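Structure first, commentary second.
The values are calculated or read from the model by the stated rules, or taken from the named source; none is laboratory data. No experiment lies behind these values; they were computed from the predicted model shown. Cβ: placed from backbone, ideal geometry, glycine included. Neighbour counts: every protein chain shown.
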Amino acid sequence: MLKDIVRTLVRLPFRHDRPARLGVVANTYGVLPSEVAAHLAGVDLILHAGDVGEVSVITRLEAIAPVIAVAGDFDRRTRLPQHRLLHIHGKTIGLTHGHTLRSLGTTLRTFIADDVSEARDLKYAELLHFFPPVDCLVFAHPATACRIRLDDTLVFNPGPVFSTAADQPLPSPCLGIITLGRMLDGTLIQGGETPSSAPRLAPASERSR
């Protein structure tokens, strides 16, 4: 278990009309497209899972909602912690970029796994091993969006907002929304999708590979 987790009690205003909603972004590298900001409008809190880039991104996000962030491998000159454990409305959320949470055991087990889904689950289970029991684990490394459940934990990667790889441009930026209802759940969004004016979220989708 990690010893350098920053534990935070987050107090959000109680709403009668809907459960609290958390916007989740990662891998901005100093870029925040307007369509991503549009999808985040109306959320109660924004989680940034690392590779922030320019601090101006945090400032722009804070104009939408309060922001809690962790450092990624791109954020080498930052005071952001690498791991956080958030307590929000009775739920616990682990927040990490994930680049420092790899072990030789995971690499070997993934290599000998029988199929892609087994290798994927081994990788996610290893991430969970570093945290105390949580309702949700948010990470961003590698930058592949996913939304799966391992036992009672939602394992959630919002995907990248931006890519620095010139030979692998993103078709559109990605982000996520986590809903703190009776059962915590999450939605993955392609940034090019048109935001709905209604408070109802789009159906959750599986984009894990």
Test of understanding: among A119, A143, A125, A113, which residue is at pLDDT below 95, under 19 Å from G23 (Cα atoms) and either surrounded by fewer than 19 Cβ atoms within 10 Å (Cβ to Cβ) or under 17 Å from the mean Cα position of the chain (by Cα) (or both)? A143
Looking only at segment 1-58, which residues are more than 21 Å from P142 (Cα to Cα) and among the hydroxyl-bearing types (S, T, Y)? T8, S34, S56
Under the condition of being within 16 Å of G50 (Cα to Cα) and small (G, A, S), which residue from segment 146-170 is surrounded by the most Cβ atoms within 10 Å (Cβ to Cβ)? G159
